[in-house]
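The values are calculated or read from the model by the stated rules, or taken from the named source; none is laboratory data. As the structure is a prediction and not an experimental result, all values here were calculated from the model. With ideal geometry, Cβ positions are generated from the backbone for all residues, glycine too; neighbour counts draw on all protein chains shown. Heavy atoms of the whole protein, side chains included, go into the accessibility calculation; ligands, DNA and RNA do not. Shrake-Rupley method; radii C 1.70, N 1.55, O 1.52, S 1.80 Å.
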Amino acid sequence: MKHIGFCVVLLLVTTSCAGLAPNAHHSLSMAAARDSDSEALAGIVSAGTDAGRASSSGYTVLSPEALDDLDQPDAGAAARHDNTGTDEEPQSRRLLIYTAHLTIRVANLDSAEDRFLDLIEARGGYLERRENNTLTCRVPAIDFEEVLEETKTFGTVIAQNREAQDVSRQHLDLSIRLDNAVAARDRLLELLEKATDVADLLEVERELKRLTEEIERLKGELRFLEGRIALSTISVTFNAPARITQRSRRFFSRFEWINRIGVEYVLDQF
Amino acid sequence: MCSISSKSFSTQVVAILARVGPILALLATLGGCSSPLRMTPPEGFLILEESRTEIKAASSDSILLWARSFDDPYAGDLDFWSSALYNELVEQRGYTLISEQPLHVEQGADHGQVSAGREMLFQVTTHGAVYSYLVSLFVAAEADSGEICVVELVGQGEGFDRTLDDVRRAIMTVRF
């Protein structure tokens, strides 16, 4: 049973090396791997390394269902294989988070805000935050450009900026860490079935608990990141036109014909 | 004697007319160089007033269309007048520019000349409501005489948006 204990500790070393949270109190001589359970350990190490290689070669964003499926035995491996597009160009796998900010001068604040919210809703987005005349919305990334262009037609664009943050590496790291954690947990479950000593059982269960928490945390981070990728952020500040005071307003243009055009004049003359 | 002087008078009149006639005809021709303003309003618009220098039309839901031509003693070009118009409407009256684009229409008696134009779409809150305002500005290609044509469309909400495409097509029929 001591072998199982060695296996658990070595497993901790392996998962820590793979990017999981290291536990300082676990330390063991690597010689233990030569014992009878070394095959199981070798399998764990091999699984983690293979996962890393597979994830490195190509990946796509996992759906929430796929993330949930990682809990199932071998499902993680299946998901990894799904993400291993070997012939794709690196550019096509780039994962970007789009954000944009517009400042627009509009004739009427209320109607402009209503139009903007209608547009966002029609595209399947939602209002995330509203602060004075600034509306921050989330829209599906695929509609990002079109929403932005249509919003610009609401008035005069005073300022605009947009940003695309590349999170491919971050996503890849999280995926590898998740894969490794799931693989390690699966191996621990196998060891748990073989364990008979109470101390070993407790140690394996403690480590299983830690790994499960780690898996949930990594899945949460992946979900958050993928949510940011799937839904772009557009914030728009609507400005009312500068109020023309009597003092600053010229009463008449120097050019006679210009004095005879405009909404006020047209309404007056019809 | 009397008949002789009468004959002499008619001869003199004829002689004067013969001299002055071509000049009068030339003046009349020159005066008629400025073609009357013409535009075919879109379907659904009723012409309220029409003269050599203006066409006033309205739709049943109070969308107002007004085309006018103005003499331009300064003979300014399109850039100058576009800029003057923008400054007046945005800087002085608080209009919001929504979009702008270049336009071209034929003009003159034989429609052989092309006038450069500019369309600007604004919104403004006035009389307690939000109005959309489309103004198309054309400047005659021959700037010596200087002539400006302005077509304005005023309306509110969806009614304005509905007629916009038809009015834009009508504006391309402007001759002045």
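Tabulated values for the structure
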read-out: Test item: Cα-centred dipole of segment B:48-103, Lys/Arg +1 and Asp/Glu -1 on Cβ, debye; value: 160
read-out: Pairwise label distance in nanometres, B:SER99 with A:ARG93, each label 7 Å out on the Cα-Cβ vector; value: 4.1
read-out: Loop GluC sites (Glu not before Pro), segment B:40-81 (other Cβ atoms within 10 Å of the site Cβ: 13 or fewer; DSSP); value: B:GLU43
read-out: Averaged over A:102-115, number of beta-carbon atoms from partner chains that fall within 10 Å; value: 3
read-out: Karplus (6.51, -1.76, 1.60) ³J(HN,Hα), θ = phi - 60°, over segment B:61-66, in Hz, Gly and Pro reported as x; value: 9, 6, 8, 9, 10, 9
read-out: Residue-averaged beta-carbon neighbours from other chains (10 angstrom radius) around B:125-136; value: 4
read-out: Summed buried accessible surface, chains A and B, 1.4 Å probe, nearest 100 Å²; value: 3000
read-out: Total formal charge among the other residues, if their Cβ is under 13 angstrom from that of A:GLN165, Lys/Arg +1 and Asp/Glu -1; value: +2
read-out: Lys, Arg +1 and Asp, Glu -1 on Cβ, resulting dipole of segment A:111-176 about Cα centre, debye, nearest 20; value: 140
read-out: Nonlocal amide H pairs with B:THR40, under 5 Å, H built at 1.01 Å; value: B:THR173
